[in-house]
Every structure is written in structure tokens, then in C-alpha cells.
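These notes are about the structure you will find just below.
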Protein chains: 2
Amino acid sequence: MPRREDSTPELDIREVKRGRHPGDKYVRVRHNPKLQRMGPGLLTATPRAEEPSGGISKAIYRCKKALLGTPLATYQAQHERLTKVKALAVLSSDALSSVAYAPEEMLRALLLAGTAALYFSLPISGAIVLLLVIVAFSYSQTIKAYPKGGGSYIVASDNLGTVAGLTAGAALIIGYILTVAVSIAAGMAALVAAIPALEAFTVPLGVGFIALITLANLRGIREAGSIFAVPTYAFLLCMFGLIGYGLYRVATGTVVPVSEGSGALAGDAVSGLSLFLVLRAFASGCAAMTGVEAISDGVPAFQAPEWRNARTTLAWMAGILGSTFLGLTYLIHRYGVVPDVEGHQTVVSALARAVLGQGVGYYAILASTVMILILAANTSFSDFPRLGYFMARDRFLPHQFEYRGDRLAYSNGIVALGVISSVLLIAFGGDTHALIPLYAVGVFLAFTMSQAAMVVRWWRRRDPGWRWSMAINGVGAATTALVTLIVAVVRFREGAWIVVLVLPVLVLLFLGIKRHYTGTSRELLTETPIDPERITHTMIVPIADLNRVALQSLAYARSLTPNVTAVHITQGDEAAEDFRNRWLAKYGNLDGLVVIESPYRSLVSPLLAYIDAVDSTDPGDTIAVVLPEFVARHWWEHLLHNQTALRIKGALLFRPGTVVINVPYHLSGKREPSPGPERGG
Amino acid sequence: MPRREDSTPELDIREVKRGRHPGDKYVRVRHNPKLQRMGPGLLTATPRAEEPSGGISKAIYRCKKALLGTPLATYQAQHERLTKVKALAVLSSDALSSVAYAPEEMLRALLLAGTAALYFSLPISGAIVLLLVIVAFSYSQTIKAYPKGGGSYIVASDNLGTVAGLTAGAALIIGYILTVAVSIAAGMAALVAAIPALEAFTVPLGVGFIALITLANLRGIREAGSIFAVPTYAFLLCMFGLIGYGLYRVATGTVVPVSEGSGALAGDAVSGLSLFLVLRAFASGCAAMTGVEAISDGVPAFQAPEWRNARTTLAWMAGILGSTFLGLTYLIHRYGVVPDVEGHQTVVSALARAVLGQGVGYYAILASTVMILILAANTSFSDFPRLGYFMARDRFLPHQFEYRGDRLAYSNGIVALGVISSVLLIAFGGDTHALIPLYAVGVFLAFTMSQAAMVVRWWRRRDPGWRWSMAINGVGAATTALVTLIVAVVRFREGAWIVVLVLPVLVLLFLGIKRHYTGTSRELLTETPIDPERITHTMIVPIADLNRVALQSLAYARSLTPNVTAVHITQGDEAAEDFRNRWLAKYGNLDGLVVIESPYRSLVSPLLAYIDAVDSTDPGDTIAVVLPEFVARHWWEHLLHNQTALRIKGALLFRPGTVVINVPYHLSGKREPSPGPERGG
């Protein structure tokens, strides 16, 4: 929609076309519904310009519009500000949802040393919650320092330099992709726990959900706060209900420990438990920490005073996450729930059944779990494209990631995330347990880079109170660095090696992309316009036959420069003589015709040899090859014509400095001659 | 290599380039190893012109040369004339090899009515040999009437009109494809009978052999006669040896009937035998007749007097085929060999073992059978591309089939046959028995069309002795028509329906292709050259940035016409203002610049809308869009650039009458300015 109005009703586009429209004259567009004049030499495309006129492209456009909605203009971008209550819903679903799989992963690691070892889940949970408190405190510092949003990539680039920033960026990218894969896998696991019949369809269902989320994000989720609030708070309600009722039953002594499989192992001594296993259980449980950084990334989305509201929300989130995680772990222990390694039961499902029985409450828990996990996957679809935008703006990613789609979303980033996470989900068979080992490395590496960057920042700036802040971030950085190391080592063989391998490759890729862009723009930099008078022309027109297509191309070339040679390539000397005679009959002389006999029946090679010969004779000229291009009405008709023009074009693409002029001929069925290139069709 | 020499040592290509080289001046090419001057405006490409200079294309060229041999010039085409002995080998392998599978197919059909019904193989064989004699006599007439080669397509087109000719052509095409598939499948069956361990690899081996034959034919088989003579005569020797020794054992009463599976069924009455089964056995046995037409197609390859030698060879061939077929059928009956429906034994293999024991003779029989079957497949590789050439010349097939490859073979036909027959072999699991029902319909339909055409021909021309010739061809046509009908009906459900369905589709396709070509060439026909003076130009240069690529394209356009408009598409009004200021700084005014704001961030649609606006303002002008084209050094670098130029080109392809001028910019790494399009790289 136009923002400026202009009083002159119509303008003459001829002025522009002549190449010499004086600055005080206006470019007039008469009755054109697609373009609107804004000023001299300045037009604006209207929404009508977006609608293609062709049959197929119109159909595609309509499908796209139906799926994604009407295109939005750039100025229609909106920035919703979030209340604390809404912000908690929007920014915490990733973190909070991790209680659906983190306790289970921790227990599975311990189970390797027998069911008795499951007791150790309590102290390990304590350690994880302590870690959570440290990280939350640490991020509180970042929130104040970066009120415009302090993602690890930006903070690390700012304070630690390019390579550290890119390392954080790579870690985040891996983390976002895994958030989608793990959340969807865990969501499907919860779904299967409720409806076991769906087990065979885990992967297709998961991919289907990713496709839905991708589509929703391409449409652009406008009412973000409200959409998110419902399932997040429903999940919180369910969890608090479950934990509260579970504790009530503990207090009233009505707990009936579940037997499922645990009975046989209950008497085992804690014999096989090693430090390695404890560390692995800790590393697995750390999956609960993923998503904690979301609030510090999203500070600008809060209502004023942003940093203070964000800090409060972070504290709420840490409190809720910590207490839910501890509460669930305690109850799982108290109710004797053992992970069902073989079957399709999650521990949360088993616990809910033990506490509530298989009634409405049980299904509410599972349904809210599925929903919040899908929501958690969704958060990556706003975080990843935004990071992609930042990195593309800094030229570390292809600039396609900067492009905003019809609905103002960063479409390429959204589609890339959807595709990569689907591939990952398929490759790992939709198994949460198989994906988890890859998950924590990236997340904790990003934590570490971010906190370490804050330490450097405090040291350099020495704002009031910098010592205290630096101490907090220092503790945070040291702790998360240690955890990163632990996670990478104890889960190396289970899959963390993939991340350890991919991380440096990604960083090198980013640097390579940056180098290419920098080199290119330096090379293309130019101070002075080129003088057209200095360009001299030679045009070569390959013609297969003396038909209308060829004659039209020849006339076109000759209308641009007198230096035109028609080149006809033929197989034998009889055919050559015949062609020359036909030319003679048409033009009265053989001027400007070169016939090349090609005893080996090739077309492209002799033409290239001739162009080389012409070029070496007069290297100052700019050579243009004028290609008659035959456009059939139907795609299959192209099969009936040698794609010679295409092959010549392909060969010329790699011949520096050769201009290619395509003169199209559209098959129409009519026979009326026309002076310029044929317009029929 | 040039055939004509010229005394002028060097020529000036400038004369041609200027577009006005007088007729009495020569086009001079100085020290150019790739082109040789033959006369005024006449060059010949040397073998050096074929060698590409680029890295990858050079490697591809060398690979191709190693696989297919050095390219041959058109005048190097040779036409070997065959003696009768060689001709029998070259032209009969297809027909003779069919004894390897035809008796078996006949017996399998009878076996459905019990082993006792196998006795009926003797009278049915008699009927088939009678049919053979009739067809051979009938073709003798064709040989004399068409000494330049009377394939069914040509004979039927000549005398019965287009649709009949195309029906024959379609039948032949189906026949050739099935000859390859059936012969290779039968060859693999013989191979497996000798070496049962290969059974699991039937299909890959068969496809491998087809690939080898394709390659050999693309190379061009020069010493055809000699190559063919060895296996054909080896096969004949083996067959006559087998039959001779078998009959000797019959005469001396030392036959020991084989028991394999036949014992259990030996006492069965011929209860289930119906006319339908007998006809089906007859139809199956008719597979023996395939390839009989080869000699009448190949008359010109004989030494003079061609028609007489061809007739003699046809008589030999029919005699050998008939006696081998009868002999084998008799011995198979006499030795009590029963088709091994489940296992991997062919009846020829079983018979050879029964007669000769499993010694050297047995393996010689199987080896020569495999060889002649592969040879039989090979004959289709010379027949199919030749038919493709004839039909493409008549414009019923895409003219790509007219093209002769580096080695003068009709490469596209050869490759098409290789691909289609491989697909067929894979689809039918390499099973001869499954392919046979499709085979005979096409073959006998082609026979019928050809003989019926001869009848019409005799009737019209009334040459001396026409009554007798017409009677012979009449009997031939009637008989083969009846057989075609029988084959199509009794084997309809087993697969013949596919052929019955495909035949009319092919004929319609041929007619459609012809209509397209005729319509196109009529539309392109033109009497008078177009006057270049009547063409007026408007050029539009879309530019993304004021960098060297854009400035170069602008200068190029301006050197061709003053009517040049630079179009810059931008997202917002700030960016638009910024761009106009930068333009102003560079050019001193805003002449010839149009900035279009695109609120929906699309590039192509506003550009197209602008082109439409320009076009409607001045419909007489020819619009050219000058596209700066960025050529990266490596393919992956293209991923880092928006393929905007490509998208614009794609959109313009469907806009009739719009010329596209690609001004390439090759990324080089150097920074030196150049007047014309950049030549670095």
C-alpha cells in the first residue's frame, strides 16, 4: 500500500525509456494497476504486481496464497510487546518442556548399574538444579548488559572476536536443529504412550508435525503470545497438579510403588555404578537445561522496563523448571518408576498413571506434554531464522537467509530448519534416547561462550559493580565449560562425536563464505562508470536454416551493429554449397556469411573455434553471440527440437567476456510477418 | 581431414567480421589449428576443433574417446559388401538363435495339458515350418522388388499409405526391443543352465550385456562380417552336431529317455488338451520365426547381383532354421525331455546332456547358444537405429534419431534401444517365458503389413509375372494375418494386450510428431528477409547495486542504443533515496534511472510489470532486457548468490518478443577495469 500520495494523475513512461528524462519531469504510468508513480523516476509496485498472469504460475501463486496467506508489505511488520505472563509462555516452552525427557534420560543412564542405582537420581538432580541456578544468575547479568537481545553469537562476537562468535553460532545452530528433533521425538513418545497403536507411525507423524510447524511459521505467527499461553500454562497446571497430588499421597502414605519390571531388580546391590556412569547420568539430565538462554535472547520483546521484566521472568522460569524437575525426580523415585527401555512407556506417563490412575488426569498430562513439546520445537523456528539473519547480515551465511518471505518471515531459514531437522528425525528413527547425546554439547558450548564473553566484557568496561557481575559470569562460564567437557567426553561414543566433528567444519564454512563475499564485493567495487563509446561490437549469429527464426535474429543483430556474421555449420560440401545458394537467392550476395563444414558432425566445437578465431583477430571487440531461441507452446514439444541453443549457451557461459543475446521465437500458429522478434503466442 | 586444398596461405577473418566481405575476397584464418579455409566464406573444422580446452570437458572428452574411439569424419563412412557366407552370419543370427527358446515355449504351453500332450509338438512344429516356408517365399518376392532394402515400414508406407506404414513401423520397433530383451533373457537362461551359481545375477548380467552391446554399437562395429561369422557358424556346427549325433543314437537304438520329472506324468491321458492350448503352443512356437525379415531388409549389403544373392541366402537360412527346429523338436520328444518349469534347466540344455552327456560337447552347445543369442540382440542394435533414422527423416520421430555420433552410428537410436530393452528386462525379471507373449504380435503384424503391401504393389504395377508373385504374397499375407490374430488372441491375457495397447498409441504419437514438425516448418517459412532498419530498440537493465557488473552492463546497453533505462528494485523509500543519491554521485544526474519500490520484497514481479508498462506505451519497439550475469569460479559459489538473473530469464522466456542479453561477469580476483564485458577468469 502506498504511503505517499502524488497529485499528478498520469505520467509518460516514454521519458524514462528515452534514457534522458530530465530531473524535473515525472515518470508517468497511465492507468497501470500494477505500478504507482511516487516521484520522478520513482515507482511503487502495488499488490496487483504480485499476481502473475500466466496459467501455471497463477495457479502456483494461488496455492501459495491459500497456504501462506496474502503477502504482507514490509511496513506491515509488527512488533508485539509481551507482558511477563505471556513472555513466560512464549520464551519458556523449550526449557520447561525438557522435564518431559530429561529425568528419563538420567534414569536410563543409571539403570545400566541396576535399579538400585536409580536412587542416585536424587543427588544428581540436586546438582543439575544447582547448575540451573548458576546459569540463570549468569544470564541475568547478560540481560542487563544486552537489553537489545544478547544471543550467544552476538555476545561472543562482540567480546571474544569472530572465531568465538562463530563457534557460538555453530553451537546454537546445532542446538536449534536438535531442539526440533528431540522435542518432536519426545512429543511423539508421549503420544505413543497415550495411544500405543500409533507406535508404527512415529517418524511419519513427527515429520508431519515438523511440516505443519514449518508452514505455520512461513505464514508468520502473529498472535504468538496467546497461542503459546494456553498449552504452556496447561502444561504447568498439569505438572503442578501431578506433583502436588503425588506429594499429598506420599504425605498421606497411600503410595503404591509400581512393579513394572522393577521388582526383579529391586534387590540388586549398587555394584556396577562407576563415576563414569554417574557423570553420564548427570550429562543426560543436563538436557533439562536446554532453552534457558531464550529469555536473554528475547529481551527486546518485553514491555518496558525490558531488562527488569526479563530478569523477573527468568527467575520465575528457573524456579518453575527447577521445582518441576526436582519434584518429578523425587516422585519417580518414591513411586518406584523404572524406565521402560524396551517398550513404549515414558517415565512421566508411568508416574502419572501411578499417581492418578489411567483416568482423565492421566490423559490431560500426556496431552499437555505433547502440546508443549511441539511448542518447544516451534521456538527454534523463530530463533534459528533470526540467528541465520544475523549471520547472513554479517556475511557468514548465504544472503538468502536475509530474505523475508511473503509473510515477512525469514522463509529460507524456516525451510532449512524444517528440512534438516526432518532428516535428523528420520536418520535417528524418531528415537529421543538416540538424539539426546548430540544435544547437550551444543547447548552448553553456547552457554560457555556467552558467559565467557560476559567475563571479558566486565573486565574491559569496568561498569559500576563489575567485580560482582564478573564473578557471577565467571562461575557460570567455568561451570558450563566443565559441563561441556563432561558431556562431550562421557557421551562421545554415543553420538557427541558427530557434534565435535561438525562444529569446526561449520566454523570453517562460515569463514569461507565470508571470504568469498568480501573478495567478490572488493573485486566489483568501481569508482568510475564505463564509457559506452569505448565498446566496439562484433556479433555472430549461428543459423541452422534460412527460416524466419534465423532471419529475425540476423535482422535484430544487424539493427544493432553492422559487424554481423551469420555462421552456418554443415556436414558436407554439398550441403554447404546448397546453403550458400539459398542465401544468395535470398540476399543477392554472400556478404556476412561464413559456412563451416564440420566433418565430425559437431555443432558447438566448430562454432567455439570460430569465435576464438574472431576474438584473436580483434581482441578489443566485444563479441556477442545472437542465439535464435525457439520457444515451443508445450514443454514436450521441446523434446522434438535439438536443444542446440541451450548447448551453445552452456558452452559460452565459461567463455569470459562473451555476451549472449537470446532472440526468442514463440511458436504461435500464425504466419504474419513482423519486423522485430516475434510476439505471437 | 580436408578434401580440398587451397593455395592462399592465410586469410583475414576481419573481412567476414565486418559483415561485408566481397565475394572475391577470402576469409583468412591465420595459424589456426582448428579451422581451415576452403574458399570465400567457407571453412572446415579440423579434428583439433573437437578437442575442448576446459578442464572437466577435456576429461569427459578423453573418457569418451577411450570408450568409443577417435571420432570419425562423415566421409569415412564405409559400406562393407557381404558375401553370402558372411551375410548368412550377419543377418541370420536373430532367426537361427530363436531355436534356443521357441521349442521350449511350445512345449511349456502343451505341458499345461499333461506330459502326454507333448507329443503334439511334432505336428505343431510341422505347421510352423510350413509357415516358415510360406513367409520365406513371400519375402523372396520383396527382395526382388526392393533391391535397396525393403523393410516393412518402407514397403508398407510405399504401397498402403502412411498409417499402414506407421503401424508396421510401430510393430517393428516393438519387435526390435523385444528381440533384445528376449534374446538376452534366453542367453542368460542358457548361461544359468551351464553355471547354476549365476542364477541370482540373471538380471544384472543381462543389463550388463545390453550395456556392452550398446557401447560396442556406439563405437561402431566395423569388422561386422568377421565378428558375426565365428559364433553363428559355431552355433550351427554345434546344433547340427547335436541333432546328427542324437539321430545316430536314435537309429542305433541307444536312446535312454531322461526321467527328470517326466516319469510321474508319463501315464497321463491327453485329457486337458483343447484347441486353445494347441493354438497357444503354436503361437509360442512362432517365436522361431522372428528375424526372418532381416535378409530382405539388408539386400543392399550383399555383393552384386544383390537380389539373387539375398534370395539364395534367404533360402539357406529358411532351410537351416526349419531343419534345426524340426530336428530339435523331434529329439526332445524322442529323448523324453520335459520343460523344467520351476528350475533353471532349458530344454536344449537337457537335450544336450541327454544326447552328449555332461562333457565338452554339452558346454560347447551352451556356450555357442549364449553367444548367438547375444549376437541376435546385437542385430536389433543395427536395425532399430536404421528404422529410427528412416522414420525421423520422414519426421515421424524426433530428428535426434537422424543424428550420427562420433563414430557415425545413430547414437540416439542405439542408446534409446539399450535403455528401453534394459527397462523391459528388469520389469520382467529377465524371464524369457514372461516376455515371449509380447514378442510374436509385433513380428507377425510387421510380416502381414509387408506382405499385404506387396500384394497391392503387384496389383498396381502389373510387372511381368505379377499374378504369380501376387499369389505368393497373398498367401503370405493371409497366413501371417491369421497368425497375428491367433497370437494376439490366445496370448492376450498373458501380455499380448500390452502390445495391442501400445501399438495404436505409438502410431498416434508418430502422427502427432509429424504434425508438430510440419506446422512448425510451415510457420517458420519465410520469403523475404526482415529489414533491420525497421527494428527500434528499448533496453532495460535491472541493476542490484552500482558495482562493476551493473555499470558494465549499462555501458554495454548504452553502446547499442540510447534508449536505455536502468531499473533498480528496492524494499523501502530510504533505500530508494540512498540508491538515487549514489547514482547521482556517480553519473551527475538521474537520467535513465527508474527506482521501483517493492513493498512485498519481490524482484521479478515489479520488473515484469515495468516491462509491460514500457511495452504498452510503445508496442512497436523491441524490448531487450540486459542481464548482468555473475559467473563464479566454482559451482558451489553460485549457491552464495541469489540466482536473480536466472529467475528473471525464466520469467522472460514466456514473455513473447522480449530479447534477453546476458552480459557475463567472470569472477577473476583481479581489479583492473576493462571497457567491455569483463574477460578475466
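Only helices enter the 222 nm calculation for chain A: every DSSP H run of n ≥ 4 contributes -39,500 (n - 2.57), and dividing by all residues gives -19500 deg cm²/dmol, rounded to 500.
Using only Cα atoms, locate the centre of the stretch A:390-444 and the centre of the stretch B:328-356, then give the distance between them in Å, rounded to an integer. Answer, in whole Å: 66. Under a model in which nothing but the beta-carbon of Lys, Arg (+1) and Asp, Glu (-1) is charged, chain B shows a dipole of about 1840 debye around its Cα centre. Each residue of the stretch A:440-451 was assigned a 3J(HN,Hα) from its phi angle through the Karplus expression (A = 6.51, B = -1.76, C = 1.60, θ = phi - 60°), giving 5, 4, x, 4, 6, 5, 5, 3, 4, 4, 5, 5 Hz with x at Gly and Pro. Amide H to amide H distances under 5 Å link B:LEU35 with B:THR46, where only residues 5 or more positions off or on other chains count and H is placed in the peptide plane.
Charged side chains reduced to their Cβ positions (Lys and Arg at +1, Asp and Glu at -1) give the protein assembly as shown a dipole of some 1440 debye around its Cα centre. With an a/c value under 1.5 for the gyration tensor axes a ≥ b ≥ c computed over the alpha-carbon atoms, the stretch B:534-666 is described as rounded. For the protein assembly as shown, the Cα gyration tensor yields ellipsoid semi-axes of 69, 53, 26 Å (square root of five times each eigenvalue, largest first, whole Å). Each Lys and Arg contributes +1 and each Asp and Glu -1, all at the Cβ; summed about the Cα centre of the stretch A:532-666, the dipole is approximately 420 debye. The stretch A:93-141 and the stretch B:512-568 have their alpha-carbon centroids 68 Å apart.
Given R0 = 35 Å, the distance between the Cβ atoms of A:GLN76 and A:VAL419 translates into a calculated FRET efficiency of 0.80.
Across the identical copies, the 7 Å label point of B:VAL230, projected outward along Cα→Cβ, sits 8.1 nm from its counterparts, in ascending order.
The label point for B:LEU482 and the one for A:SER521, both projected 7 Å from the Cα toward the Cβ, are 8.7 nm apart. Label-to-label distances for A:THR528 across copies, nearest first, come out at 4.8 nm, using points 7 Å from Cα in the beta-carbon direction.
Please report the antiparallel percentage of DSSP beta bridges with both residues in the protein assembly as shown, rounded to the nearest 5. The answer is about 20 percent antiparallel.
Were the residues from B:ALA315 through B:LEU584 laid out at 0.36 nm apart, the gain over their Cα-Cα distance would be 87.8 nm.
Annotation: amide H of A:GLU629 within the under-5 Å range of A:VAL663, A:TYR665, sequence separation 5 or more or interchain, hydrogens built in the peptide plane.
Amide H contacts of A:VAL595 (H built 1.01 Å from N, in plane; Pro and chain starts excluded): A:HIS568, B:LEU42, B:LEU43 sit under 5 Å, all sequence-distant by 5 or more or on other chains.
Total lysine pairs in the stretch A:76-517 at Cα distances under 23 Å, for residues eight or more apart or on different chains: 4.
Each of A:TRP459, B:TRP307 was scored by other Cβ atoms within 10 Å of its Cβ. Arranged with the fewest first, they read A:TRP459, B:TRP307.
Shape of the stretch A:46-117 from its Cα gyration tensor (a ≥ b ≥ c, root eigenvalues): rounded if a/c is under 1.5, otherwise prolate when a/b > b/c, or oblate? Judged from the Cα gyration tensor, the stretch A:46-117 comes out oblate (a/c at least 1.5, b/c at or above a/b). Between identical copies, the spacing of A:ALA478 label points, each set 7 Å from Cα toward the C-beta atom, reads 11.1 nm from nearest to farthest. I need the calculated FRET efficiency for the pair A:LEU646 and A:VAL250, taking r as the beta carbon distance and R₀ as 56 Å, to the nearest 0.05. Taking R0 as 56 Å, the efficiency between A:LEU646 and A:VAL250 is 0.15.
Hey, with R₀ at 45 Å, roughly what FRET efficiency would B:LEU198 and A:ARG493 work out to, going by the Cβ-Cβ distance, to 0.05? The computed FRET efficiency comes out at 0.55.
Our summary gives the stretch B:534-666 a relative contact order of 30 percent, counting only alpha carbon pairs under 8 angstrom and 6 or more residues apart. Fully extending the segment from B:HIS344 to B:SER274, taken as 0.36 nm per residue of separation minus the present Cα-Cα distance, adds 22.4 nm. Ranking A:MET371, A:LEU445, A:GLN400 by Cα position along the charge dipole of the stretch A:346-483, where only Lys, Arg, Asp and Glu carry charges on their C-beta atoms, puts A:LEU445 farthest toward the positive end. The stretch A:575-611 and the stretch A:460-511 have Cα centres lying 70 Å from one another. Fewest-first ordering of B:ILE210, A:ILE498, B:ILE420 by other beta carbons within 10 Å of each residue's beta carbon gives A:ILE498, B:ILE420, B:ILE210. Relative contact order of chain B: 17 percent, from C-alpha pairs under 8 Å at least 6 residues apart in sequence. Ranked for footprinting exposure by Cβ neighbours inside 10 Å, fewest first, A:LYS586, A:LYS148 give A:LYS148, A:LYS586.
Any read-out appearing in this document is the output of simple, stated calculations on the displayed coordinates, not a laboratory observation. None of the values given here were measured: they were computed from a predicted structure. Backbone-built Cβ (ideal geometry, glycine too); neighbour counts: all protein chains shown.
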